[in-house]
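Notes follow once the structure below has been shown.
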Protein chains: 2
Amino acid sequence: MSILLLGKLSEAEYAVWQQHLSLHLPADETLVLASQAYDKTAVDIALVANPPAGALATLPKLRFVQSLWAGVDRLLSDPSLPENVPLARLVDPAMTRAMTECALANVFYLHRQLPAYLRQQAHRQWQPRQQVLAAQRRVGVLGMGKLGAAVAQALADVGFPVMGWSRQQGSDGLTALLSRTDILINLLPLTAHTTGILNAALFEKLPVGAALINLARGGHLVEPDLLAALEQQHISHAVLDVFNEEPLPERHPFWTHPQITVFPHVAAATDPATAARVAAENIVAFRAGRAIGGLVSHAQGY
Amino acid sequence: MSILLLGKLSEAEYAVWQQHLSLHLPADETLVLASQAYDKTAVDIALVANPPAGALATLPKLRFVQSLWAGVDRLLSDPSLPENVPLARLVDPAMTRAMTECALANVFYLHRQLPAYLRQQAHRQWQPRQQVLAAQRRVGVLGMGKLGAAVAQALADVGFPVMGWSRQQGSDGLTALLSRTDILINLLPLTAHTTGILNAALFEKLPVGAALINLARGGHLVEPDLLAALEQQHISHAVLDVFNEEPLPERHPFWTHPQITVFPHVAAATDPATAARVAAENIVAFRAGRAIGGLVSHAQGY
């Protein structure tokens, strides 16, 4: 049987993954690439990175699917995904590190009032603003999985008072967190329960002047509600790395909004050098009948 | 005898300092404000915050001068400053904390390529750039006094490889640091030895594409040399909080330079609430004949 590498990848990306996977997979495993000819009936494991819709359903012997990254919302939304085949997501340690650094960078960017100072510079305005220390800047983290927990810990380590929330804590817990949050970071998985969670009702529960950082998925955010909250100055600034449509369309109002900072989905990229090892370990565990890391619940959606 | 509070302070600032000093000074001390009438012959201690040039020379019984902040370069450049009177500088713990947060904010701003992404946003350009982790971004810190040491430690704690340099390590040590620095932070005191240290010769020793953060004094920087290094793309970006002339003159080329981020001298403000305690402790030590913290060497210049 063979392992298929399947995704929306360039030839160069296929080559990089192949190289790193070869280093970590046992010598008796056969790795085939969807970019080349292969026997569909011989594939029992698929390593996937944005596979084309329906592709997994064409593999009759498929027994295990390993995503090469953490977000599996797109994969789960493919109705042809075989429900009886275990699916694992992958939280790459380098990706967790990158996400943590991205969160620190953007929290400090807002904490030290960079958007205001950059605006002042554009107007040649020499105007010191009130100094606030991290100890007085409350950060709320939505999502307390591997990524959320790492981000919350790093922010607490540099001196911010941090609260975390996961969906299991319920809506009362969320309301409590929001009322005590100056900077809100979203790191939730995108599921039926969290789609559109960043909406007018949530924004209203934040203190006036709070800021938002969305590093998870565009589908979490109700875009018109954010624009309204910025307009009312209830939200002072938003840092957005992810969007409903990517690349963000050229005529989208976010590009030119003075209270929005746009990143082109660069918060944290999976590094094949470290992710290949995690994927290979999971494959070895699957073959041995041991527990698989990052197993996805179709019901929960992550 | 009495303690004089003397500086370029507004009435409100005088009142705030008076309030906090009163909390910490022994009850038998008399605090007088330069903004009100007082007896010059009764003053033996001066607490100073940018005092007018020559003012200290008019106090015949002066025995101790306590600066309310860390930078004493302006004070020492006043030729009428009595050389035989001990002078202490003050490193306020809240100010150290603010400086550390400012350094973290600006290192992350450069590390995560915010200047490039903000420029791309202005052009509606969706263009992911190479991801670099903190472990691969080398930071050099010039000045290893209380502030420099705190900044270096905080940067190391979040994962950057950090080297520090103080003038005692000599120019070979500086050359070694510069050759291994992607982001250079200046926190040196301004003295005869460090004036103009950020010049063409220093920039040339940095790797191509390195960035500069100046949080110390405008006098450290040779402005035309920075403009040339930016023009040649040898330096990719500079974050400047301090300038030879402050406020930065409206026609100064730094305001509109795309590779320069201008802050209005806001890296770290002294907080009277915490600084008053340090100043009061020093005054008690002086009266008791004990060692004074932060004693300035006129020869060294800090």
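The values are calculated or read from the model by the stated rules, or taken from the named source; none is laboratory data. In this text, all values refer to a predicted model and were calculated from it rather than measured experimentally. Note: ideal-geometry Cβ built from the backbone for every residue, glycine included; neighbour counts use all protein chains shown. Just the protein is used for accessible areas: all its heavy atoms, side chains included, with ligands, DNA and RNA removed. Shrake-Rupley method; radii C 1.70, N 1.55, O 1.52, S 1.80 Å.
Laid out as a table, the results:
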read-out: Helix-only mean residue ellipticity at 222 nm for chain B, each DSSP H run of n ≥ 4 adding -39500 (n - 2.57), per residue, nearest 500; value: -10000 deg cm²/dmol
read-out: Closest-to-axis residue of chain B (Cβ criterion, axis taking B to A), whole Å; value: B:108, 3
read-out: Value in Å of the Kirkwood radius, where segment A:78-186 supplies the Cα pairs that are averaged; value: 16.2 Å
read-out: Most fluctuating residue given options A:98, A:238, A:288, as computed from a GNM of chain A linking Cα atoms under 10 Å; value: A:288
read-out: Base-10 log of normalised Debye intensity for chain A (one unit scatterer per alpha-carbon) at q = 0.09, 0.12, 0.16 Å⁻¹; value: -0.50, -0.83, -1.26
read-out: Peptide-level mean, for A:150-158, of C-beta atoms on other protein chains within 10 Å; value: 1
read-out: Pairwise Cα inverse-distance average, inverted: Kirkwood Rh of segment A:237-294 (Å); value: 14.5 Å
read-out: Burial order of peptide ranges A:58-69, B:115-126 (average beta-carbon count within 10 Å, highest first); value: A:58-69, B:115-126
read-out: Inter-copy label distances at residue A:124 (7 Å, Cα→Cβ; nm, one decimal); value: 3.0
read-out: Dipole in debye (nearest 20) - chain B, about Cα centre, beta carbon charges: Lys, Arg +1; Asp, Glu -1; value: 660 debye
read-out: Interface size B-A, as summed buried accessible area [1.4 Å probe, Å², nearest 100]; value: 4000 Å²
read-out: Label distances, nm, residue A:26 versus same residue in remaining copies, Cβ-directed 7 Å point; value: 7.9
read-out: For segment A:127-184 and segment A:84-105, distance of Cα centres in Å; value: 19 Å
read-out: Two-decimal ratio, the protein assembly as shown, of alpha-carbon radius of gyration to 2.2 N^0.38 Å; value: 1.14
read-out: For segment A:224-233, Karplus couplings with θ = phi - 60° (6.51, -1.76, 1.60), whole Hz, Gly/Pro x; value: x, 5, 5, 4, 5, 5, 5, 4, 7, 6
read-out: Antiparallel DSSP beta bridges within chain A, as percent of all bridges there, nearest 5; value: 5 percent
read-out: Residue with peak Gaussian network fluctuation, chain A [Cα springs, cutoff 10 Å], from A:250, A:13, A:281; value: A:250
read-out: Other-chain or far-sequence residues with amide H under 5 Å of residue A:238's (modelled H); value: A:212, A:260, A:261
read-out: Volume per residue that the Cα convex hull of segment A:1-117 spans, once the total is divided by residue count, Å³; value: 139 Å³
read-out: Reciprocal mean inverse distance between Cα atoms of segment A:17-83 - Kirkwood radius, Å; value: 13.0 Å
read-out: Taking N as its residue count, the alpha carbon Rg of segment B:53-109 over 2.2 N^0.38 Å; value: 1.53
read-out: Percent of Cα-Cα distances greater than 13 Å, calculated over segment A:261-302; value: 67 percent
read-out: Choice from A:219, A:289, A:143 with maximal GNM fluctuation in chain A (Cα, 10 Å cutoff); value: A:289
read-out: Percent of beta bridges antiparallel (DSSP, the protein assembly as shown, rounded to nearest 5); value: 5 percent
read-out: Average beta carbon contacts from partner chains per residue of A:111-124, 10 Å cutoff; value: 5
read-out: For residues of B:240-247, the mean tally of beta carbons on other chains within 10 Å; value: 1
